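The values are calculated or read from the model by the stated rules, or taken from the named source; none is laboratory data. The structure displayed is predicted, hence computed values, not measured ones. Note: ideal-geometry Cβ built from the backbone for every residue, glycine included; neighbour counts use all protein chains shown.
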Amino acid sequence: MFSFVIAYIIAIASLARRAVKSGCDSHHRKIVIFDADTDPRKHDSIVESCGGCVKKALPLINAAACVFREEDQAMALLARHGEVKWIEDDTVFAIVDTPAPDVRKCVRCFGVKRPGFSTQTTPWGVTKIDAPSVWARATGKGVRVGVVDTGVNMSHPDLAVNVKAGFDAISETEGVEDDNGHGTHVAGIIAALDNGFGVVGVAPEAHIYAVKSFDSKGKGMASDIIQGIAWCIDQGVSIINMSFGTVDSGKALELAISKAAEAGVLLVAASGNTGGQNTVLYPARDPNVVAVAASTQDDQIAAFSSSGPEVDITGPGTDIYSTYAGQRYKTLTGTSMACPHVTGVAALILSAVPGLSAKELEELICETATAMNGFPRDQQGEGLVNARAAVASAIENRL
């Protein structure tokens, strides 16, 4: 027994020296989840004692994103540590969209008017869900919406007024300039201004709290997503839009989703673009999340839209015209685009009837959806989101 303890101590010391020497910069990240009663101030010393470096603190779930030079030995040491609950890879997630047709060839993409700065376009998806009919009573004004994505073009003329704050979870700094375009597109679907030019969003006076958890290629680490969710909770958001996904979930993000739900946040996610049965991605398939499928302009479920028993509702998701990086506009397709239509409707409801719980919001959205003929529930959930019916029901039944 004594010799085992000595060997254990020598192994720890050796790994710690190697970690310091290497800087732990060139190795895959792991997420180490600690016991609930472990003091966060001990995380660094525990990880360093096992030959690693903490790269990102994750206080929301009492965890840390770490790197280790000698992973196999370090994992063995951590697994035996009394204050370590779980260790897993820092999973890579991707934004969820698909190629769209050339804007010049897409004659139906623009809704009411042709695009441009001199006139305002109401995208077909905004019209399809009947959002304009409720703007006299509800515009999403003041409702805080978190967008965890590739960032947002904060100076975009159709978004600048509504983007209230931003956080770059990758660099852990303020400012979320979008070097991909996806996040700006999503934000515009939710809350592009009703200002007479460009486009208008579902909830044109909602407040956007933007998080950059995904890089220029649309890839993001679970730890950066978790940190983004934590920031959104701290900002007091009521809704978080998550237009991203992966096949394999991890305990770390599951914990973060659970914490957000406990904080009263409505979580909305894209179901995925892989098509077929039982293909809903994570986090959409989490029971604490509203999973959104995608429909076409002809009231069909998009062929690419992932389906399964986890699908809750459908939103417009093909040929969606919205704001884009570089103060531009672009047409994109995917459940990533369907998701913010539902998020926008949730913001409309909350502005009409403040104080509703996340559960009440979800029930209103699903109970008032318009069923799509010819499609099973696994493909459409309760049907196409209906802004007019949802807001009317909320007002009629307000306590």
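Of the residues making up the range 205-223, one or more are closer than 30 Å to residue 122 by Cα, of a type in the set (Asp, Glu) and in contact (Cβ under 8 Å) with a residue 60 or more places away in the chain. Residues that are at pLDDT 95 or above, touching a helix residue (DSSP H, G or I) at 6+ places or on another chain (Cβ under 9 Å), of a type in the set (Ser, Thr, Tyr) and in a strand (DSSP E or B) do occur in the range 259-282, at least one of them.
Conditions tested, residue by residue: (1) closer than 25 Å to residue 386 by Cβ; (2) more than 15 Å from the chain's Cα centre (by Cα).
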site	(1), (2)
199	yes, yes
203	yes, yes
208	yes, no
212	no, no
220	no, no
244	no, no
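For residue 340, the requirement of being under 17 Å from the mean Cα position of the chain (by Cα) and closer than 16 Å to residue 222 by Cα is not met. The residues of the range 176-196 that are in a loop (DSSP other than H, G, I, E, B) and surrounded by 20 or more Cβ atoms within 10 Å (Cβ to Cβ), listed by number, are 176, 178, 180, 181, 192, 193.
Yes or no, residue by residue, for (1) among the polar types (S, T, N, Q); (2) touching a residue at least 12 places away in the same chain (Cβ under 8 Å); (3) outside the structural domain of residue 187 (by TED's automatic domain parsing); (4) out of contact with any helix residue (DSSP H, G or I) (no Cβ under 9 Å at 6 or more places or on another chain):
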site: 314; (1), (2), (3), (4): yes, yes, no, no
site: 317; (1), (2), (3), (4): no, yes, no, no
site: 325; (1), (2), (3), (4): no, yes, no, no
site: 330; (1), (2), (3), (4): no, yes, no, no
site: 338; (1), (2), (3), (4): no, yes, no, no
site: 344; (1), (2), (3), (4): no, yes, no, no
site: 355; (1), (2), (3), (4): no, no, no, yes
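Across the range 156-175, the number of residues qualifying as part of a loop (DSSP other than H, G, I, E, B) and closer than 22 Å to residue 341 by Cα comes to 7. Across the range 238-252, the qualifying residues are those that are of a type in the set (A, V, I, L, M, F, W, C) and crowded, with 24+ Cβ neighbours inside 10 Å, and the one among them that is nearest to residue 65 (Cα to Cα) is 252.
Checking each residue in the range 219-237 for being buried (at least 24 other Cβ atoms within 10 Å of the Cβ) and either modelled with pLDDT under 95 or not in a helix (DSSP H, G or I) (or both) picks out 220, 237. Looking across the range 197-218, the residues that are of a type outside the set (Asp, Glu), in a loop (DSSP other than H, G, I, E, B) and either modelled with pLDDT of 95 or more or crowded, with 24+ Cβ neighbours inside 10 Å (or both) come down to 200, 201, 202, 203, 204, 206, 213, 214, 216, 217, 218.
May I ask you to list the residues in the range 78-92 that are among the hydrophobic types (A, V, I, L, M, F, W, C), at pLDDT 95 or above and farther than 15 Å from residue 28 by Cβ? 84, 86 - these are the residues of the range 78-92 that are among the hydrophobic types (A, V, I, L, M, F, W, C), at pLDDT 95 or above and farther than 15 Å from residue 28 by Cβ.
Set side by side, the residues 225, 233, 208 differ, and just one is assigned by TED's automatic domain parsing to the domain that holds residue 346 and in contact with a Ser or Thr (Cβ under 8 Å, 6 or more places away or on another chain), which is 225.
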